[in-house]
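As structure tokens, the structure follows; a few thoughts come after it.
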Amino acid sequence: MIRVGFYQFCPTFGDVRANLHKIAEAIEKIRADILVLPELCITGYLFTSHDEVAELAEPIPGPTTLFLENLTRRKHMWLVLGMAERVEANDRSSLRCYNSAVLIGPDGLKGVYRKAHLFLEEKLYFARGDTPFRVYDLGIARAGMLVCFDHFFPEATRALALQGTQIICHPSNLVLAGKGQQITRVRAMENRIFWVLANRYGTEERNGKKLTYTGASQIIAPDGEILAQAPPNEESLQIIEISPSAADDKHVTAMNDLFQDRRPELYKAP
Ligand code: ACM
């Protein structure tokens with residue numbers, strides 16, 4: 001059994017120090033093997049210009065990942081979180097920012113995933129991700145990362161599941177009421193995998209724009225059961241025990257193995 005969880009909180013826009021302090025304080029209190037935090041939880045989400053993103057985004061590795069590595073090394077745990085990543089090219093005109101997820105563990109930074117399916121105005125401020133969906137062997141479990149809107153694209157989850165992913169770590173800032181919670185439950189069920197959805201809560205209002213996030217972070221079992229769920233509008237730190245190998249059995253009935261029964265030869269348009 002391993003201990004997995006989420007920390008649902010309300011990041012303060014633009015205040016990297018305050019957000020890191022909040023995360024550190026939460027981690028200090030817990031004993032977990034894998035903890036998932038929300039999307040863009042170091043900076044906040046509601047950017048209103050590319051310059052603003054470029055200002056607050058950081059290289060990976062960079063100050064934020066180094067700070068968090070100190071925690072994961074000392075606590076001997078894995079952390080998955082969403083953060084704005086800045087990739088410097090030779091000149092500022094080719095600077096790119098990604099809405100990324102990072103995987104940091106007892107030995108430091110292990111992986112970066114750049115969000116492939118951008119939502120709403122993210123398309124104006126971030127570059128589309130260019131990292132393939134890949135599974136990471138953490139020793140205690142095999143984990144894959146998705147960021148928020150990626151859940152709407154079943155191929156992304158399937159790509160991770162077919163590589164042997166047992167747990168999807170899903171930093172999110174969901175805004176469509178109830179949708180993400182339902183969809184991720186179905187994705188877990190149809191791939192028979194665990195799913196840790198770490199959503200944020202609260203409202204951001206900036207330069208005439210406003211978004212309200214839906215909270216209700218959840219941990220789903222391979223059979224679709226909700227193992228843990230946060231309230232919609234308050235801070236919540238929840239950790240439960242799971243057995244990742246339960247995700248290796250793809251049977252839904254004695255005669256139906258969901259991966260063996262696939263018919264990929266029929267899925268391509270003629
Ligand atoms: C989202 O992708 N932040 C909804």
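The values are calculated or read from the model by the stated rules, or taken from the named source; none is laboratory data. The structure displayed is predicted, hence computed values, not measured ones. Here the Cβ is made from the backbone with ideal geometry for all residues, glycine too, and neighbour counts use every protein chain on show.
Restricting the first residue to the range 69-81 and requiring it to be farther than 9 Å from residue 106 by Cβ, which pairs with a second residue that is part of a helix (DSSP H, G or I) and at pLDDT 95 or above meet a Cβ separation below 7 Å and a spacing of at least six or different chains? That search, which allows pairs on different chains as well, returns 71/24; 71/27; 79/68; 79/72.
Of the strands (runs of 3 or more DSSP E) lying entirely inside the range 157-270, those containing at least 1 residues that are within 22 Å of residue 29 (Cα to Cα) and out of contact with any His (no Cβ under 6 Å at 6 or more places or on another chain) are 167-171, 194-198, 201-206, 218-220, 226-229, 236-242.
Please give the number of the condition residue 143 fails out of (1) within 16 Å of the ligand (Cβ to nearest atom); (2) in contact (Cβ under 8 Å) with a residue 60 or more places away in the chain. The failed condition is (1). Filtered by the rule that a residue be over 30 Å from residue 256 (Cα atoms) and modelled with pLDDT of 95 or more, the range 177-207 gives 198, 199, 200, 201, 202, 203, 204, 205, 206. Scanning the range 100-127 for residues that are within 13 Å of the ligand (Cβ to nearest atom), in a loop (DSSP other than H, G, I, E, B) and not acidic (Asp, Glu) yields a total of 7. Filter the range 155-184 down to the residues that are within 14 Å of residue 135 (Cα to Cα) and not hydrophobic (A, V, I, L, M, F, W, C), then identify the one that is nearest to the ligand (Cβ to nearest atom). Checking each candidate, the answer is 170. Annotation note: of 69, 58, 39, the sole residue that is buried (at least 23 other Cβ atoms within 10 Å of the Cβ), within 20 Å of the chain's Cα centre (by Cα) and of a type in the set (D, E, K, R) is 39.
Residues in the range 9-48 that are in a loop (DSSP other than H, G, I, E, B) and among the polar types (S, T, N, Q): 12, 43, 48.
Taking the conditions exactly as written (hydroxyl-bearing (Ser, Thr, Tyr), closer than 20 Å to residue 82 by Cα, more than 12 Å from the ligand (Cβ to nearest atom) and buried (at least 20 other Cβ atoms within 10 Å of the Cβ)), does residue 214 satisfy them or not? No: the conditions fail for residue 214. Among residues of the range 187-206 that are free of Cβ contacts under 8 Å to residues at least 12 places away in the same chain, those with a Cβ under 8 angstrom from a residue that is among the hydroxyl-bearing types (Ser, Thr, Tyr), sequence gap 6+ or separate chain, pair up as 203/212; 203/213. What is the residue count in the range 15-30 for residues that are exposed (fewer than 15 other Cβ atoms within 10 Å of the Cβ) and either of a type in the set (Phe, Trp, Tyr) or over 17 Å from residue 80 (Cβ atoms) (or both)? Result for the range 15-30: 6. Screening the range 72-95 for residues that are at pLDDT 95 or above and charged (D, E, K, R) and picking the one that is surrounded by the most Cβ atoms within 10 Å (Cβ to Cβ) gives 85.
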